[in-house]
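So the structure is just underneath, and the comments pick up after that.
Please treat every number below as a calculation from the coordinates, not as lab data. These figures come from a predicted structure and were not determined experimentally. Virtual Cβ from ideal backbone geometry, glycine too; neighbours counted across all protein chains shown.
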Amino acid sequence: MPLYKRAPITEAAIELRYEQELQKEAIDKLQSRFKADYQISEPFSFVDVKLEVAARQAKFREVAAGHKSASSDRVDVLLIQLQGMVCSRLAPYLGWDSFRDRAQRDWRKWKNTVGYRKLARIGVRYINRIDIPVGGPGERIRLENYVKVYPMYPEEDIPGLSNYTMQMQGDLGADECRIIINSGLVPSPLVRHASILLDIDVTRDRAVPQTEDEIWELVEKIRGHKNRVFESSVTDRARELFDT
Amino acid sequence: MSEIIATPTKGIGLTAMTAAASYVKASPGASVEARTIAESLIGMHAQQTWPVSTTSSSPKSTAAALKDRLFESLAQAKIMTSRVAMHLESEWRTHLFAQLDELMAADEWHEDDPPMEASSFATFLRLMLFIKPQRRPGLGISPKGDLILAWTTGTDRLTVQCLQGDLVRWSLSCEIGGERERSVGEAPVQRFPEILTSYQPARWFSGRS
């Protein structure tokens with residue numbers, strides 16, 4: 001995959017997920033262990049929502065999920081979760097080598113802290129945001145000029161979209177991996193731009209490798225698959241935006 | 001053919017499409033975009049979890065609370081900058097963070113001062129990426145938490161207050177044709193470059209700061 005001057009990557013993430021959750025004590029130990037590597041650390045939780053339609057009730061429950069450690073510029077992130085580790089890099093993305101090396105470093109430290117536990121899932125996710133300049137309100141943009149993943153709809157009945165969200169999932173047909181693609185329009189952070197999200201997540205949850213070498217060999221393969229899908233999902237016109 | 005119609009950024013919200021037979025959660029992510037995707041797909045599934053970042057909720061002294069508020073404000077600003085970092089020069093971003101670190105240092109603040117408003121910073125980022133000044137402005141914060149930008153060239157001065165909702169309030173004083181002119185106003189970010197045109201904004205924006 002070519003190295004773009006302005007890669008549209010807003011987040012790159014590598015997840016190593018356990019079969020069984022860690023105990024809270026392990027989370028605290030990990031958080032302490034990584035203090036030297038990440039200047040910021042804050043707890044994070046999930047809000048679990050249960051809708052009981054018959055009773056017309058919604059129950060909200062905050063569930064402690066772990067710690068979010070980050071560099072002082074908030075770009076290098078490590079999610080220390082009960083289910084495992086997520087190593088994340090926000091924009092600006094500086095390339096695969098530095099990102100992967102940090103993930104490997106963190107995983108080694110992680111394992112030294114909590115010991116071996118069986119992995120159930122390995123995933124690599126890249127969220128891209130393609131920012132398209134537009135002349136002004138009401139200007140029409142053809143999605144197919146920029147991406148090859150977009151909704152088809154009856155044009156005679158719907159003159160144009162102002163919004164969409166899609167998810168596609170399936171077997172990748174290689175390395176026993178599955179793929180999830182999320183795509184849609186998002187409010188653009190730039191003036192006079194429209195923005196398309198292209199979120200590619202490649203995972204494996206069958207016969208998951210457990211040794212160090214095999215884990216990172218798979219991560220490299222998954223990254224290759226992700227690159228291939230990304231390059232076949234964008235057009236040359238989009239690539240011009242990435243190299244401006 | 002699939003066309004989208006560009007609409008002003010304000011007011012765009014995400015609408016969930018028709019629910020899929022079974023919605024699958026992607027690998028976790030730490031970015032605003034990851035949260036946006038998760039929230040936009042929430043309508044596809046009856047039960048959904050999404051991550052929230054929390055800080056300790058134990059009672060604090062006023063001084064500690066100010067420090068926390070400044071910390072959160074600074075964190076939000078850096079995360080928001082990350083979203084557009086691909087459009088920023090590395091040096092510009094580094095300098096901006098240094099300015100923000102200095103601006104948000106707790107010992108420079110009074111306990112009643114509001115920290116920088118996230119919506120103001122959002123306007124600031126959009127303005128900077130739109131007008132792309134070569135010279136960086138000096139930064140300050142208004143009593144209401146709005147980011148204030150200032151450019152000075154000799155006796156010519158431009159001050160811009162970044163308001164929420166993509167609005168800017170400006171005041172300027174400059175010499176044109178030997179006469180001093182002054183102007184104040186408020187306008188959307190989109191209109192601001194056009195308004196400035198007659199005041200020859202290169203006097204403030206060109207060259208390196």
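Here are the numbers for this structure:
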read-out	value
B:Ile141 long-range amide H proximity, modeled H, under 5 Å	B:Ile148
Set of lysines with alpha-carbon distance to A:Lys50 below 16 Å, sequence-local pairs under 8 removed	A:Lys59
Test item: Cα-centred dipole of the protein assembly as shown, Lys/Arg +1 and Asp/Glu -1 on Cβ, debye	440
Calculated from backbone phi, Karplus (6.51, -1.76, 1.60) coupling profile of region A:217-224 in Hz, x at Gly/Pro	5, 5, 4, 5, 5, 4, 4, x
Cut-off of 10 Å, at most 12 other beta carbons, DSSP loop: longest stretch of chain A lacking such trypsin sites (Lys or Arg not before Pro)	A:57-117
Charge dipole of chain A about the Cα centre (unit charges at C-beta), most positive-ward option of A:Ser98, A:Ile130, A:Thr235	A:Ser98
Span from the region A:139-182 Cα centroid across to the region B:147-169 one, whole angstrom	41
When region A:28-156 is reduced to its Cα atoms, the Kirkwood hydrodynamic radius in Å	18.6
Mean ellipticity per residue at 222 nm, deg cm²/dmol - from DSSP H runs of n ≥ 4 across chain A, formula -39500 (n - 2.57)	-7500 deg cm²/dmol
Estimated translational D of region B:87-209 in µm²/s (Stokes, Kirkwood radius over Cα pairs; 4 °C; 1.567 mPa s)	85
Amide H partners (placed H, <5 Å) of A:His193, local residues excluded	A:Val134
Cut-off under 5 Å, modelled amide H: who pairs with B:Val168 long-range	B:Leu163, B:Ala187, B:Val189
Value in Å of the Kirkwood radius, where region A:94-217 supplies the Cα pairs that are averaged	17.7
Fewest-first sequence of B:Thr155, A:Thr113, A:Thr10 by Cβ atoms within 10 Å of each Cβ	B:Thr155, A:Thr113, A:Thr10
Cα-projected label distance for A:Met168 with A:Arg239, points at 7 Å along beta-carbon direction, nm	1.9
Karplus 3J(HN,Hα) series, Hz, for region B:133-149 with 6.51 cos²θ - 1.76 cosθ + 1.60 (x for Gly, Pro)	x, 6, 8, 7, x, x, 10, x, 10, 6, x, 9, x, 7, 6, 10, 10
Note, ³J(HN,Hα) from phi for region A:89-94, Karplus 6.51, -1.76, 1.60, rounded to Hz, x at Gly and Pro	10, 8, 5, x, 7, 9
Residue exposure sequence - A:Phe44, B:Phe124 - by fewest surrounding Cβ within 10 Å	A:Phe44, B:Phe124
Magnitude of the charge dipole, chain A, Cβ model with Lys/Arg +1 and Asp/Glu -1, debye to 20	580
Prolate/oblate/rounded label for chain A (Cα gyration tensor, a/c 1.5)	prolate
Reach of A:Lys111 by Cα under 28 Å, taken over lysines that are not fewer than 8 positions away in the same chain	A:Lys24, A:Lys29, A:Lys35, A:Lys68, A:Lys221, A:Lys226, B:Lys25
Approximate spin-label separation B:Ile176-B:Phe71, in nm, with each point projected 7 Å along Cα-to-Cβ	4.9
More than 34 Å apart - percent of Cα-Cα pairs taken over the protein assembly as shown	39
